[in-house]
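All of the numbers you see were taken from the coordinates with simple rules; none came from a lab. All values derive from a computational prediction rather than experimental measurement. A quick note on method: Cβ atoms are made from the backbone with ideal geometry, for glycine too, and the neighbour counts reach across all protein chains shown.
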Amino acid sequence: MSAVDVPVALLGYGTVGSAVDRLLAENAEDIERATGHRLRVVHALVRDPEKERPHRPPAGVLTTDFAAIREDPSVALVAEVMGGIEPTGGYVLDLLRAGKPVVSANKQLIAREGAELFRTASEAGVQLRFEASVCAAIPVIKILREALVATNVHRVLGIVNGTTNFILTKMEEGAEYFEALAEAKRLGYAEADPTEDVNGADAAAKMAILATIAFGSRVTLADVAYDGIEAVTGAHVAAAREMEMVVRLIGAATLVDGKLDVRVGPALVDRHHPLAAVEGAMNAVMLQGDAIREITLEGPGAGGMETASAVVADMVSVIGTTGTGFLQNDACWRELPRLPPEEARSPYYVRIDVDDRAGVLAHVALRLAEQDVSIARLIQHQANGEAALHIVTHEASTGHLQAALGAIAGLPETRGAPSALPVVSDRGVPGLGWA
Ligand SMILES: NC(=O)c1ccc[n+]([C@@H]2O[C@H](COP(=O)([O-])OP(=O)(O)OC[C@H]3O[C@@H](n4cnc5c(N)ncnc54)[C@H](OP(=O)(O)O)[C@@H]3O)[C@@H](O)[C@H]2O)c1
């Protein structure tokens, strides 16, 4: 049987775009055997066609003319692998309106402008897929949308930024933050400008996308409270180690009594928790839900070929589901309220520096107890008349913890502002009796 010829176009022919072209060419026979279709790149949009490139497509493929792609009736599908918000967002909207399905690897675009993009795709009756926008090679979107469609997922925990995970792993081995960042740049794990990685914005965009899909309610970047790893010090890492924990940048999306809470920030993770074992530039996502208990997916979260594999998988899925009535449009079907930040609950690690004298610990414990925050573990380090208290609490509301820390900061024996980080230790689904 002869294969159906499917001309496709790429917006972008950089690290990911050129890898998509190579994967399609090198695996053309496998794809044809599996799907009966042969995908062929006929246009690739770039800024500068004359630029030196490690991989060059056949003459005539590179173009600077977006309209030529939009107007080519033979182009059945477009992969957006150029990045950025503008002009990219406008191009994707134009393509959808022209009836062309789009596959995107662009987390910032999907997290910021998803509502308009999916509405447009839905109106045009074409698909918009975005697997590669979150955790590159890990097929977490497909698993959430298809494999777990009958599962009430109520928590997604993730290590979704490889750069920061690499830096934190190096700090565990003894490196200082700036040394670890320099090594990440040298090895290509961090961009020349790593701001969006280290300040948590990159992870926040990915968590917005994961939360949207997991809970079926639109979560944009503006809904995600995020914090990066710039303030993580060797002292945090050492305190974590002493308490058999590791520091990780954790994205957490939780559904609490029908309200959404999505956040990204450094947290202490119990050594026995699956996310503690995720080292170096790897990514992992843990999904918790009623019927599945928990599933953890781990794999490379970046890289040209790794990301391209997810783009190609989406392209094949579009081809495989077009015309069957199974459209992958907007995943959102409801609008959930946001959990007020002070109601979010977690165990916490707290560090408090105090004068080393009798009765201080009792004052601190009383301020915590007054806010219903109970202590699970306590380690004390003394030197030169000062004591550093390292406390792990049982689960407490963020509002109560902040009130207790405010009262502790006001004690005459307290030196400096107390600091707190959430702790990730529990597995499973509380309430189902097996947590
Ligand atoms: N690299 C990764 O590991 C990775 C992982 C996950 C997701 N992603 C996402 O994948 C997308 C692409 O990343 P990348 O690393 O492949 O980027 P890249 O290497 O910088 O490639 C970008 C490509 O887009 C073209 N381009 C950019 N702006 C353009 C414009 N205004 N008009 C026409 N062409 C334009 C560039 O043209 P020239 O070649 O002429 O400069 C280049 O070919 C981004 O959304 C990124 O977030 C990347």
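See the values below:
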{"read-out": "Relative contact order of the range 341-400, defined on C-alpha pairs under 8 angstrom at six or more residues apart (%)", "value": "54 percent"}
{"read-out": "Loop-located GluC sites (Glu not before Pro) in the range 132-174, at most 13 other Cβ atoms within 10 Å (DSSP)", "value": "GLU173"}
{"read-out": "Semi-axes of the equivalent ellipsoid for the range 1-157, Cα gyration tensor, largest first, Å", "value": "25, 20, 16"}
{"read-out": "Net dipole in debye of the range 342-424 [+1 Lys, Arg Cβ; -1 Asp, Glu Cβ; about Cα centre; nearest 20]", "value": "140 debye"}
{"read-out": "Cβ-defined net charge surrounding LYS185, 13 Å radius [Lys, Arg +1; Asp, Glu -1]", "value": "-3"}
{"read-out": "Sum of -39500 (n - 2.57) over DSSP H runs of 4+, divided by residues of the chain (222 nm, nearest 500)", "value": "-10000 deg cm²/dmol"}
{"read-out": "Amide proton proximity set for ASN283, modelled H, under 5 Å, gap of 5+", "value": "GLY299, GLY301"}
{"read-out": "Cα principal axis extents for the chain, largest first, Å", "value": "84, 44, 34"}
{"read-out": "Net dipole in debye of the range 73-193 [+1 Lys, Arg Cβ; -1 Asp, Glu Cβ; about Cα centre; nearest 20]", "value": "500 debye"}
{"read-out": "Cα-based convex hull, the range 137-249, per residue volume (Å³, whole number)", "value": "123 Å³"}
{"read-out": "Modelled FRET efficiency - R0 41 Å, ALA98 with ALA235, Cβ distances, 0.05 increments", "value": "0.15"}
{"read-out": "The range 45-138: trypsin sites (Lys or Arg not before Pro) in DSSP coil with no more than 16 other Cβ atoms inside 10 Å", "value": "ARG47, LYS51"}
{"read-out": "Packing rank of 135-143, 366-374, where each peptide gets the mean count of other beta carbons within 10 Å, highest leading", "value": "135-143, 366-374"}
{"read-out": "On Cα atoms only, tilt of 107-124 relative to the major axis of the chain in degrees", "value": "40 degrees"}
{"read-out": "Cα convex hull of the range 342-424 - mean projected area over all directions, nm²", "value": "4.8 nm²"}
{"read-out": "Cβ-based charge dipole, the range 145-301, positive-most Cα from LEU181, ASN152, ALA205", "value": "ASN152"}
{"read-out": "Relative contact order of the chain, pairs being alpha-carbon contacts under 8 Å that are 6 or more residues apart, as %", "value": "16 percent"}
{"read-out": "Surface/4 estimate of mean projected area, convex hull on alpha-carbon atoms of the range 277-418, nm²", "value": "14.2 nm²"}
{"read-out": "Dipole magnitude of the range 145-301 about its Cα centre (Cβ charges: Lys, Arg +1; Asp, Glu -1), debye to nearest 20", "value": "440 debye"}
{"read-out": "Extended-chain gain in nm, criterion 0.36 nm per residue less alpha-carbon gap, ALA34 and ARG119", "value": "27.5 nm"}
{"read-out": "The range 221-353: translational diffusion in µm²/s, Stokes-Einstein, Kirkwood Rh over Cα pairs, 20 °C, 1.002 mPa s", "value": "118 µm²/s"}
{"read-out": "Ranking of PHE178, PHE130, PHE66 by count of other Cβ atoms within 10 Å, fewest first", "value": "PHE178, PHE66, PHE130"}
{"read-out": "GluC sites (Glu not before Pro) within the range 78-121, DSSP loop, no more than 12 other Cβ atoms inside 10 Å", "value": "none"}
{"read-out": "Residue-wise HN-Hα coupling along the range 297-310, computed from phi with Karplus coefficients 6.51, -1.76, 1.60 (Hz; x: Gly, Pro)", "value": "10, 10, x, x, x, 7, x, x, 5, 4, 5, 4, 4, 6"}
